[in-house]
Structures are given as C-alpha cells and as structure tokens.
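The values are calculated or read from the model by the stated rules, or taken from the named source; none is laboratory data. If you're wondering where the values come from, they're calculated on a predicted model, not measured in any experiment. So basically every Cβ, Gly included, is an ideal-geometry build from the backbone, and we count neighbours across all protein chains shown. Side chains are part of the model used for accessible areas, which takes the heavy atoms of the whole protein and leaves out ligands, DNA and RNA. Shrake-Rupley method; radii C 1.70, N 1.55, O 1.52, S 1.80 Å.
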Amino acid sequence: MTIVINIVVSVAVIILLQTLGMLIFSWMTPFRDMDELRKGNMAVGLALGGKFLATAIILGVAAYTNTSIWFMMIWFAVGYVCLIAAYWIFELVTPGLKVSEHLQKGNTAIGILLCFVFLGTSFAVSSLIV
C-alpha cells in the first residue's frame, strides 16, 4: 500500500510542478498564451510546446534519479531556473530581435528556434541531475 501512496503523491507533485512551471512561463510573456493559441498562432504553440516538453524532461529525469520527492522538487527548481535563464540569454544574444514580439506576430521560425532552445537546455541540464 505504501508503494501506491508514494506513486500517487509523486504523480500529484509532478502534475503540480508541471502546471506551476507552465504558469510561470506564461507570466514571462507580455501576451496571453492561451489567447494566441485560440487564434491559431503556430509560433506561440511551438514555443509553449517546447517549454512543456522541456519541463517534462527535467521532471522525468529528476523523478527517475531521486527517491525523495523533496530532492526531485529541488532538482526541478534548479532545472527550471536554467530554462528561464536560457530564455533570457536567448533574448540577450539576439539584440535586434524581440522574441516575444515575433512570437505574438506568428513568426514560426522564432517559435521553432525557441522550442529547440528549451529542449536543448533541458537535455543538457537533465544530464547533470543526480
């Protein structure tokens, strides 16, 4: 029975962290992600999907490598901060390009690039989780 309780609690924490992570990411953009998705904005969909998958990769590795929910949460926080840093570094290294404006305008190339920035960062960061 203890195993079942641990699995249920772990899944609940993972869902909570994933939801919280997506909420924080949506606060970072000056537009409303869901409104842009309703409009069919492919660029925002790609960037948001990349964020979701990147946080899931970090959460998955953190859950797999840690038996403690607390350590899993700490490693997720570390990985999540790295994803946020990757976004802001991407903004800094592209000085003539306001990423959020291009996403809102539906620039698919920027959406794809940002998606892969998040995925690449999550793979690199998750390889450091112990």
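Please enumerate the residues belonging to the stretch 26-43 that are closer than 25 Å to Met73 by Cβ and touching a residue at least 60 places away in the same chain (Cβ under 8 Å).
Across the stretch 26-43, the qualifying residue is only Thr29.
Every condition in (1) within 25 Å of Gly120 (Cβ to Cβ); (2) free of Cβ contacts under 8 Å to residues at least 12 places away in the same chain; (3) among the polar types (S, T, N, Q) holds for Thr67 except the one numbered (1).
Restrict the check to the stretch 88-100 and report whether at least one residue is buried (at least 19 other Cβ atoms within 10 Å of the Cβ) and under 14 Å from the mean Cα position of the chain (by Cα).
Within the stretch 88-100, the first condition is being buried (at least 19 other Cβ atoms within 10 Å of the Cβ), and the residues that meet it are 99.
Still in the running and under 14 Å from the mean Cα position of the chain (by Cα): none.
No, every residue in the stretch 88-100 fails to be buried (at least 19 other Cβ atoms within 10 Å of the Cβ) and under 14 Å from the mean Cα position of the chain (by Cα).
Within the stretch 94-126, restricting attention to residues that are without any contact (Cβ under 8 Å) to a residue 12 or more places away in the chain and not in a helix (DSSP H, G or I), the residue that is nearest to Lys39 (Cα to Cα) is Lys98. When you check Leu23 against the structure, is it of a type outside the set (Asp, Glu) and surrounded by fewer than 16 Cβ atoms within 10 Å (Cβ to Cβ), yes or no? Yes; evaluated as a whole, the condition is true for this residue. Annotation: of all residues in the stretch 53-68 being assigned to a loop (DSSP other than H, G, I, E, B) and surrounded by fewer than 16 Cβ atoms within 10 Å (Cβ to Cβ), the one that is modelled with the highest pLDDT is Ser68. Among the conditions (1) open to solvent by 30 Å² or more (accessible area, probe 1.4 Å); (2) part of a helix (DSSP H, G or I); (3) small (Gly, Ala, Ser), the only one that Gly50 does not satisfy is (1). Can you tell me which residue among Leu16, Leu83, Leu103 is at pLDDT 90 or above, of a type outside the set (Val, Ile, Thr) and closer than 15 Å to Val125 by Cβ? Just a single option satisfies the conditions, and that option is Leu83.
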